[in-house]
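A.B. asks: The structure under discussion is supplied below as structure tokens; questions concerning it will follow.
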Amino acid sequence: MKTRKAGAAGKRRAADAAAGGAPAARSRVICDLDFDRAGKQAGLMRVPHSRNDSGWGVIQIPITVVKHGKGPTVLLTGGVHGDEYESQIAIAELARTIDPATVQGRLIIVPALHFPAAMNGSRLSPLDNKDLNRCFPGRAEGTTADVIAHYVSSVLLPLSDYNIDLHSGGRGMDFVPSTTSHVLDDRRRFEKTNALGLAFGAPYHVVIKEVDAGYTLMTCCEQRDVVAISSELGGGNRVNVDGMRATREGIRRTLAHLGVVDAPAGRTAASKTRLMTVPDYDCYAFAPCGGLFEPRHALGARVRKGELAGALHFIDDPHRTPVEIHYGASGEVWCTRAQGIVLPGDPVAVIVAPYQG
Ligand SMILES: [Zn+2]
């Protein structure tokens, strides 16, 4: 378990050195919560945002800390992407309803971490056009997304043993509700991470080789010895009914697995979770050109390498032959494009296969 005094600064410097970064600057975020105080505190992370009409203006990001008894510290984050809604609802609900007396340990709860994007219902922030999950570990001297990431990496992660960072497919993709984590060389850590995903109890826990993972919150956690899982719990720029249920129940089950809350009543669904993997980039089917994508399969369908994934149609040129896209790997359809229109290089499907590890 970590406390504010448990070598956080030294750990931060070591992580920054390991990541090849400069020594950590002091966070510019103002937050007056006392992370060591017992009970429930609701407060704000105030991120400086100077505007023409408000030089001392701040962006106010709700944050709740709940501490009671002895146990690990779990950082719960939603809304890293503003168009992914299940996490924002479920994590806000947890902050609103949890009774501190039922907690053993500490919860740091941020329902909408990239608040400007969440208020805009968009993946990127309208303030700086940045994807927060490509900004970690962040920079104190950067734009608002950089400053938020820097606060997480320099203040919240040194306090945390675990991070549950919940995502969905957003506007772009639609997923079989799943938890995710990275393929890790450290076997013990890998198994500990997978156990969190299995406890969450979504249909899949997917260990993934991710496109552009270097600057994500999950990678930042791995560099700082914080055990982390993420998720893909729906998508299509709406609240997914199955994803919502999986999110609510999964948060409770994962916290129970860590001993932070009591196990929910009734049967757990953990045994239903299948451990899957995205072993390499062949699993990603990309659009070679722009067009209107017609998928061939529903989510979860079993498909084979070389099989037709779908076709790109050219509505502005009805006589042009549609371009076919084929799967580069065999397995099950984990996600598909949630919007009809695609641009060159957009993924239209990702395949998962059972993890054989
Ligand atoms: Zn996301």
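The values are calculated or read from the model by the stated rules, or taken from the named source; none is laboratory data. Keep in mind it's a predicted model, so treat the numbers as computed, not measured. We place every Cβ from the backbone using ideal geometry, glycine too, and count neighbours over all the protein chains shown.
A.B. asks: Working only within segment 226-238, note down all residues that are away from the ligand (no atom under 14 Å from the Cβ) and either under 17 Å from V278 (Cα atoms) or modelled with pLDDT under 95 (or both).
C.D. replies: Answer for segment 226-238, where residues must be away from the ligand (no atom under 14 Å from the Cβ) and either under 17 Å from V278 (Cα atoms) or modelled with pLDDT under 95 (or both): just R238.
A.B. asks: Please determine, by comparing only the residues of segment 30-54 that are farther than 20 Å from F115 by Cβ and modelled with pLDDT of 95 or more, which one is surrounded by the fewest Cβ atoms within 10 Å (Cβ to Cβ).
C.D. replies: Once the filter is applied, the top-ranked residue is R37.
A.B. asks: Pairs needed: first member in segment 70-97, within 18 Å of V261 (Cα to Cα) and of a type in the set (S, T, N, Q); second member anywhere, part of a strand (DSSP E or B) and within 15 Å of the ligand (Cβ to nearest atom); C-beta distance under 7 Å; at least 6 residues apart or different chains.
C.D. replies: Correct list of pairs: T77/V110; T77/N163; T77/D165.
A.B. asks: Something else: Hey, could you check segment 74-105 for residues that are surrounded by 24 or more Cβ atoms within 10 Å (Cβ to Cβ) and in a strand (DSSP E or B) and say which is nearest to the ligand (Cβ to nearest atom)?
C.D. replies: Checking each candidate, the answer is T77.
A.B. asks: If you scan segment 119-131, which residues turn out to be surrounded by fewer than 24 Cβ atoms within 10 Å (Cβ to Cβ) and assigned to a loop (DSSP other than H, G, I, E, B)?
C.D. replies: Correct list: G121, S122, R123, L124, P126, L127, D128, N129, K130, D131.
A.B. asks: Specify the residue that is farthest from D128 (Cα to Cα); the eligible residues are those in segment 140-169 that are touching a strand residue (DSSP E or B) at 6+ places or on another chain (Cβ under 8 Å) and hydrophobic (A, V, I, L, M, F, W, C).
C.D. replies: By that ranking, first place goes to L159.
Residue-wise test of (1) in contact with an Asp or Glu (Cβ under 7 Å, 6 or more places away or on another chain); (2) of a type in the set (F, W, Y); (3) in contact (Cβ under 8 Å) with a residue 24 or more places away in the chain.
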position: D185; (1), (2), (3): no, no, no
position: E191; (1), (2), (3): no, no, no
position: A195; (1), (2), (3): no, no, yes
position: A202; (1), (2), (3): no, no, yes
position: I208; (1), (2), (3): no, no, yes
position: Y215; (1), (2), (3): no, yes, yes
position: C221; (1), (2), (3): no, no, yes
position: D225; (1), (2), (3): no, no, yes
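A.B. asks: I need the full set of residues from segment 59-70 which are part of a loop (DSSP other than H, G, I, E, B) and on the phi < 0 side of the Ramachandran plot, in order please.
C.D. replies: K70
A.B. asks: Of the conditions (1) away from the ligand (no atom under 16 Å from the Cβ); (2) not in a loop (DSSP other than H, G, I, E, B), P116 clears all except one; give me its number.
C.D. replies: (1)
A.B. asks: Tell me, please, whether a residue that is part of a loop (DSSP other than H, G, I, E, B), modelled with pLDDT of 90 or more and not polar (S, T, N, Q) can be found in segment 5-23.
C.D. replies: No, segment 5-23 has no match at all.
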